[in-house]
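First the structure, in the form of structure tokens, and then the observations on it.
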Amino acid sequence: MAVLVTGGAGYIGSHTAVSLHEAGREVVLLDNFSNSSSGAVEAVRALTTPDMAFIEADLRDGEALDGVFQRYDIDEVIHFAAFKAVGESVGRPLDYYDNNLGSTIGLAKAMVQHGVERLVFSSSCTVYGQPDTIPVTEAAPTGAESPYGWTKYMSEQILRDACESLPLNTILLRYFNPVGAHPEGTIGEDPNGIPNNLVPFVMQVAVGRLEKLRIFGSDYDTPDGTAVRDYIHVVDLAEGHVSALDALASESVGCTAVNLGTGVGSSVLEVVEAASRAVGTPIPYEIVDRRSGDIEKIWADPAHATAALGWTSTRDLDDMMRDHWNWQRSNPNGFAV
Ligand code: NAD
Ligand code: UFG
């Protein structure tokens with residue numbers, strides 16, 4: 001039996017493939033390379049087994065998906081494949097709804113048709129917006145502020161409805177801010193163009209591809225005035241997916257949401273300081289205006305993840321920066337040759 005990993009050439013999917021292999025699971029990767037490259041698949045195979053199956057396909061291609069379920073003995077699925085850039089989603093809403101909802105609906109239908117009942121879905125803490133109470137629990141109200149955010153909100157609802165009446169069990173994993181890389185430094189985040197996210201931007205400054213970081217706002221109601229997030233090591237996140245599959249295998253959960261975060265909030269300046277320690281030189285930065293749409297502060301209450309999945313994060317901010325820097329330093333241009 002095998003686990004199908006959609007978006008398996010992407011940042012979180014590639015790390016999860018390694019953790020699944022280490023946990024003794026057979027893995028089938030699927031990706032259309034819309035935001036990744038074959039280099040990631042080769043790097044995953046080098047860390048695991050040259051035999052790891054990979055299918056290049058678009059999840060919205062029903063025929064291709066049917067072929068995957070016919071060819072492989074799949075009994076569980078982790079669904080990472082999606083477009084994920086908040087800003088881009090505002091300018092390309094129909095592409096985001098088409099890709100993210102079309103993929104999720106097509107995949108769920110194929111699973112039901114082929115009798116596959118266990119699904120782990122990549123959701124996001126973006127569904128909480130700025131919560132009134134921090135740390136935020138899964139019971140907090142949800143909504144969205146961008147087309148990307150709505151695709152996560154709507155996907156959660158679609159899967160909740162599907163699990164009500166169809167033979168489907170789903171864990172909706174709400175990720176906080178994944179950073180870092182596999183400690184070997186051969187897989188990691190390889191964003192297209194200029195990074196939107198803090199840590200990839202900081203690391204490209206460190207490696208000399210960008211001149212300096214712009215910190216968006218220092219007048220937030222936080223201890224040092226910069227915005228606070230719950231950064232989580234991507235390997236901790238990957239291991240959370242293995243725990244989620246184990247939980248699905250042991251009991252019927254229906255459809256349930258679980259935060260994957262550390263419970264620790266770090267400010268932008270704290271991240272910059274940790275990155276400077278990892279790199280060994282100060283990261284140049286300037287403070288500029290707030291970025292529109294940003295929230296002030298959020299971090300997870302991870303207690304439910306521990307109770308429901310038996311999972312807890314083990315890596316701290318220094319581990320995240322060390323491993324992210326190791327990847328960036330060894331691969332200054334990502335997977336590009
Ligand atoms: P990523 O872009 O690195 O990986 C997603 C992968 O899916 C890419 O390799 C892309 O080529 C593939 N893909 C997209 N549409 C596809 C389609 N129709 N068919 C086949 N493949 C397709 O992103 P990531 O950071 O690894 O994120 C994985 C998931 O986690 C996404 O659903 C994302 O929304 C979610 N998420 C990410 C973050 C984050 O900060 N990275 C935070 C919260 C949630
Ligand atoms: N930041 C800067 N300068 C930069 C980039 C970011 O100061 O060049 C700041 C942001 O203003 C924010 C913090 O660093 O205060 C973190 O920003 P990111 O863009 O790294 O992360 P966000 O929390 O804004 O959003 C990310 C993903 C979303 C996802 C969310 C929750 O981009 O898709 O985490 O998982 F929904």
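Pick from Arg277, Arg118, Arg229: which is most flexible by mean-square fluctuation in a GNM of the chain where alpha carbon atoms under 10 Å apart are linked?
Highest fluctuation of the listed residues: Arg277.
Given +1 on the Cβ of Lys and Arg, -1 on the Cβ of Asp and Glu, and no further charges, what dipole in debye does the chain carry about its Cα centre, rounded to the nearest 20?
Working: 22 positive and 46 negative charges, 95 e Å.
Computed charge dipole of the chain: roughly 460 debye.
Asp294 to Glu22: extension gain in nm, 0.36 nm per residue of separation minus the Cα-Cα distance?
Working: separation 272, 0.36 × 272 = 97.92 nm, distance 3.68 nm.
Roughly 94.2 nm would be gained on extension.
Give the distance, in whole Å, between the Cα centre of the stretch 254-294 and the Cα centre of the stretch 181-239.
Each part reduced to its Cα centre gives a spacing of 6 Å.
Residues of the chain: accessible area per residue at 1.4 Å, in Å²? Intermediate results must be reported in sequence, preceding the final value.
Values: 14320 Å² over 337 residues.
Heavy-atom accessible area per residue stands at 42 Å².
Return the carbon/sulfur percentage of the accessible area of the stretch 178-324, one whole number, probe 1.4 Å, all protein chains in place. Write down the numbers at each step before the final one.
Numbers: 2890 of 6240 Å².
Carbon and sulfur together cover 46 percent of it.
Under the Karplus relation 6.51 cos²θ - 1.76 cosθ + 1.60, θ = phi - 60°, what is the ordered set of whole-Hz ³J(HN,Hα) values for the stretch 125-131, x standing for Gly and Pro?
Running phi through 6.51 cos²θ - 1.76 cosθ + 1.60 with θ = phi - 60° gives 5, 4, 5, 8, x, 8, x Hz.
Identify the residues of the stretch 304-337 with backbone N under 17 Å of a label point that sits 7 angstrom from the Cα of Ser38 along the Cα-to-Cβ direction, or state none.
335-337
Considering only protein heavy atoms and a 1.4 Å probe, what is the carbon-and-sulfur percentage of the accessible area of the stretch 1-123?
Numbers: 2400 of 5060 Å².
Carbon and sulfur: 47 percent of the exposed surface of the stretch 1-123.
Specify the residue with the greatest mean-square fluctuation among Pro167, Pro200, Pro302, computed from a Gaussian network of the chain linking alpha-carbon atoms under 10 Å apart.
Answer for the Gaussian network model of the chain: Pro167.
In the stretch 65-170, with Lys and Arg counted as +1 and Asp and Glu as -1 at Cβ, which of these residues, Phe80, Val116, Asn99, has the Cα nearest the positive end of the dipole, that is, farthest along it?
Of Phe80, Val116, Asn99, it is Asn99.
For a test of the definition: using alpha carbon positions, the gyration tensor, and the 1.5 limit on a/c, classify the stretch 14-56 as rounded, prolate or oblate. Mind dumping the intermediate values first?
Values: a/c = 1.86, a/b = 1.71, b/c = 1.09.
Prolate, since a/c reaches 1.5 and a/b exceeds b/c.
Taking the Cα centroid of the stretch 93-110 and of the stretch 20-91, what is the distance between the two, rounded to the nearest whole Å?
15
Test of understanding: in a Gaussian network model of the chain with alpha carbons linked when under 10 Å, which of Ala307, Ala85, Ala227 would top the mean-square fluctuation ranking?
Ala307
Near the amide H of Tyr175, under 5 Å away, which other amide H atoms are found, from residues 5 or more places off or on another chain, if H is placed in the peptide plane?
Ser123, Ser124, Cys125, Leu260
If a/c stays under 1.5 just call it rounded; otherwise compare a/b with b/c (prolate if a/b is bigger, oblate if not). Do that for the stretch 290-329, with a ≥ b ≥ c from the square roots of the Cα gyration tensor eigenvalues. The partial results should precede the final answer.
Numbers: a/c = 3.30, a/b = 1.11, b/c = 2.96.
Oblate shape, in that a/c is at least 1.5 and b/c is the bigger or equal ratio.
If r is the Cβ-Cβ distance from Ala46 to Ile194 and R0 is 25 Å, what FRET efficiency results, to the nearest 0.05? The partial results should precede the final answer.
On the way: r = 28 Å, r/R0 = 1.14.
After rounding, the FRET efficiency stands at 0.30.
Using the Cα gyration tensor of the chain, with a ≥ b ≥ c the square roots of its eigenvalues, what is the shape: rounded (a/c below 1.5), prolate (a/b larger than b/c) or oblate (neither)?
Values: a/c = 1.66, a/b = 1.34, b/c = 1.24.
Prolate, since a/c reaches 1.5 and a/b exceeds b/c.
What nm distance separates the two modelled labels at Asp161 and Arg214, each placed 7 Å from Cα along Cα→Cβ?
Between Asp161 and Arg214, the simple spin-label model gives 4.0 nm.
Using Cβ-Cβ distances only, list the Cys residues of the chain with no partner cysteine under 4.7 Å, sorted by number.
Cys125
For the chain, what's the relative contact order in percent, using C-alpha pairs closer than 8 Å and at least 6 residues apart?
Working: 689 pairs, mean separation 67.6, N = 337.
Result for the chain is 20 percent.
Determine the calculated [θ] at 222 nm for the chain from helices alone, applying -39500 (n - 2.57) to every DSSP H run no shorter than 4 residues and normalising by the residue count; nearest 500 deg cm²/dmol.
Details: 12 runs with 132 residues, N = 337.
One gets -12000 deg cm²/dmol as the mean residue ellipticity at 222 nm.
Going by alpha carbons, how many degrees (0 to 90, nearest 10) lie between the helix axis of 38-47 and the longest principal axis of the chain?
For 38-47 against the chain, the angle is about 80 degrees.
Please sort 278-288, 177-187, 93-103, 13-23 by packing, taking for each peptide the average over its residues of neighbouring beta carbons within 10 angstrom, highest first. Could the numbers behind the result be given before it?
On the way: 278-288: 14.1, 177-187: 21.8, 93-103: 17.4, 13-23: 23.6.
Output ranking for 278-288, 177-187, 93-103, 13-23: 13-23, 177-187, 93-103, 278-288.
The values are calculated or read from the model by the stated rules, or taken from the named source; none is laboratory data. All of these numbers come straight from a predicted model, not from anything done at the bench. Positions of Cβ are generated from backbone atoms using ideal geometry, with glycine treated the same way; all protein chains shown enter the neighbour counts. All accessible areas refer to the heavy atoms of the entire protein, side chains included, with ligands and DNA or RNA removed. Shrake-Rupley method; radii C 1.70, N 1.55, O 1.52, S 1.80 Å.
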